[in-house]
Amino acid sequence: MTTTTPKAQGEREPRYGMVMDTRKCVGCNACVYACMNENAVPEGFGRDWIVSETRGRFPTLQMEIRSERCNHCEDAPCVSVCPTGASHYGPGGIVLVEHDRCTGCKACMAACPYDARFIHPDGYADKCTFCHHRVEKGLDPACATVCPTESLAFGDLDDPTSKVSRLLVAHEHKVLLPEAGTLPKLFFLT
Amino acid sequence: MNTAIFDSSVEILHGRSNPMIDPHMHIWGWEIPVYLFLGGLVAGMMVLVPLLELRTGQRSRGLQHSPLLAAVLLSLGMFALLLDLEYPTHLYRFYSTFQPTSPMSWGSWLLMLVYPALIAAWLGGLSDDTRGRLPAAARSLFTLADRFRGPVLWATLALGVGLGTYTGLLLGTMAARVQWNTAVLPALFLTSGLSTGAALLMLLPAEAERKALLVRWDSLAIVVELGLLLTMLLGFATGGAASRVAADALLSGQMAPWFWSFVVVAGLLVPLGLNQVELRRHLPMTLAAPLLVLLGGLALRVILVSAGQDISLASLH
């Protein structure tokens, strides 16, 4: 299913974000494996992951399952601390790493409040790219495509008719660590 | 999968297990604290050597090679930095760009200015004996060095302040790491650099008058550093929930014994006391105070770099 279209000439720049529905997620890890497969993520590493948080005391328990990844922050500290410009904002505000410019100094990893980055065995900082190679072709990121419960939606936050905008208007949502002040673009329906 | 139980009412099952990140961050080992220590030490020397000469109005025979020593120590620190890089052959990437929002980018370029300043400070500071032993061709170089001695000293001093400050900015500007995220850190690292720089110069064969000045300045730096540490702890203890975790780490946590024994007592209070006794009783200086100050300066960086990685904003939820 395709929810995004590539930017046409003269059209405004999209502002890509993701909406994750914690009420639908069953923690099956399909998003994790889809990502590993799509992006050839080396074994033992992960660009996305499942967190399940249980609150309360037995038998009064409440559980939230989240599929987490890079938040593609609008004010991304990983971009501002990068000494070489390897970490940068790509089209649509997707935060990307140019492997060839990265020295592996790990300042971005220290700066990321979400601990979303890791060092690829080849020596550069790596993380979720919102599958920008797919997004360029008008496809959704691999994780959103395979999710069997449709808990993941991707799209342009500035387009009021996009699926993500409509979900955010209609449902209560939160971001993780808003106190970090980085303006994350990964929203969680609660 | 990592299971972390923070209190009896919340259990988080985390599916991520990335190397260097989980269960808690450990991206920077011994290399970074050693670099921060040596960088601060060199920064202190770059401030104090010019100050001594401006104050006494004379080149120091005993300290004439100290700028060269500073350059060697800085190179050792930069070698440690190189060892930390995951992609060391991309080192040149630091110098193919300038990123104004990145303290590390400022630091990389600053280091390139520090070396010429140290070499110029060294050449202009060589004693007449040493100059006499060098080939005649070097004479014109000394004429030039003498002519610009003032500007070179002031430039070295300013670059020293920049270097010491940047080592603190590097960690202090990261909101994600509460233990580092304090505006006091640049001043703290600069002051600690001044104190360790003075300690190293005290180990060199400086003239008695200069040695006494160094002991005084070292004591002053130690007092200011104690004040800054207190300010940092007060800031953490009164700065809200996340900051309080950072305060607890140093006041009662795992790092507390190391922090209080190595940094505060052995690294600051004891050498301060020794300095005072030596000054008042006019005793010959021992190696104890400067060595303790150097140990304390290294311990401060090791403890803060490590503690900063133990606590992340995410781990507080």
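Nothing in this text is a laboratory measurement; each read-out follows from the coordinates by a stated rule. Quantities reported herein were computed from a predicted structural model and do not represent experimental measurements. Positions of Cβ are generated from backbone atoms using ideal geometry, with glycine treated the same way; all protein chains shown enter the neighbour counts.
Sorted ascending by nearby beta carbons within 10 Å, beginning with the fewest, B:112, B:202 become B:112, B:202.
Farthest toward the positive end of the dipole of the range B:2-316, out of B:286, B:246, B:32, is the Cα of B:286, where the dipole comes from beta carbon charges about the Cα centre. When the Cα positions of B:111, B:167, B:134 are compared along the charge dipole of the range B:2-316, B:134 comes out farthest toward the positive end, with charges on each C-beta of Lys, Arg, Asp and Glu. Our estimate of slack between residue B:316 and residue B:287, defined as 0.36 nm per intervening residue step minus the Cα-Cα distance, is 6.1 nm. The angle between the Cα long axis of helix B:241-251 and the longest principal axis of the Cα atoms of chain B comes to about 60 degrees, rounded to the nearest 10. Residues within the reach of a label modelled at residue A:179 (point 7 angstrom out along Cα to beta-carbon, backbone nitrogen below 19 Å), restricted to the range B:173-217, are B:173-184. Of the residues A:130, B:94, A:45, the one with the fewest other Cβ atoms within 10 Å heads the list, and the complete ranking is A:45, B:94, A:130. Approximating the spin labels as points 7 Å out from Cα along Cα→Cβ, the residue B:260-to-residue B:183 distance works out to 3.0 nm.
Charge dipole of the protein assembly as shown (Cα centre as origin; +1 on each Lys and Arg Cβ, -1 on each Asp and Glu Cβ, all else neutral): 1280 debye, rounded to the nearest 20. Here the residues B:9, A:67, B:108, ranked from fewest to most Cβ neighbours within 10 Å of their Cβ, fall in the order B:9, B:108, A:67.
With axes computed from alpha carbons, what is the tilt in degrees of helix B:103-125 against the longest principal axis of chain B, rounded to the nearest 10 within 0 to 90? Long axis of B:103-125 versus the principal axis of chain B: about 20 degrees. Just so you know, the averaged projected area of the alpha carbon convex hull for chain A sits at 11.8 nm².
Among the cysteines of the protein assembly as shown, those whose beta-carbon sits 4.7 Å or more from every other cysteine beta-carbon are A:25, A:28, A:35, A:73, A:82, A:102, A:105, A:112, A:131, A:147. For chain B, a crude dipole built from +1 on the beta carbon of Lys and Arg and -1 on the beta carbon of Asp and Glu, taken about the Cα centre, is about 1040 debye to the nearest 20.
Across chain A, the longest run free of exposed loop sites, meaning GluC sites (Glu not before Pro) lying outside DSSP classes H, G, I, E and B with no more than 12 other Cβ atoms within 10 Å, spans A:44-149. Between rounded, prolate and oblate, where does the range B:2-316 land on the alpha carbon gyration tensor, with a ≥ b ≥ c its root eigenvalues, rounded for a/c under 1.5, else prolate if a/b exceeds b/c? Judged from the Cα gyration tensor, the range B:2-316 comes out oblate (a/c at least 1.5, b/c at or above a/b). Between residue A:24 and residue A:190, the contour length at 0.36 nm per residue exceeds the Cα-Cα span by 58.8 nm. Of the residues A:62, A:81, A:37, the one whose Cα sits farthest towards the positive end of the charge dipole of chain A is A:62 (charges of +1 on Lys and Arg Cβ, -1 on Asp and Glu Cβ, taken about the Cα centre).
What does the net charge come to around residue B:282 if you take all other residues with beta carbon closer than 15 Å to its beta carbon, with K and R at +1 and D and E at -1? Its environment carries a net charge of +2. Distance from the C-alpha centroid of the range B:90-108 to that of the range B:284-317: 26 Å, rounded to the whole angstrom.
The calculated FRET efficiency for the pair residue B:17 and residue A:74, based on their C-beta separation and a Förster distance of 25 Å, comes to about 0.30.
Placing +1 on the Cβ of every Lys and Arg and -1 on the Cβ of every Asp and Glu, with no other charges, gives the range A:40-136 a dipole of roughly 260 debye about its Cα centre.
The angle between the Cα long axis of helix B:270-281 and the longest principal axis of the Cα atoms of chain B comes to about 30 degrees, rounded to the nearest 10. Applying both filters, DSSP loop and at most 16 other Cβ atoms within 10 Å, to the GluC sites (Glu not before Pro) of the range B:11-73 eliminates every site.
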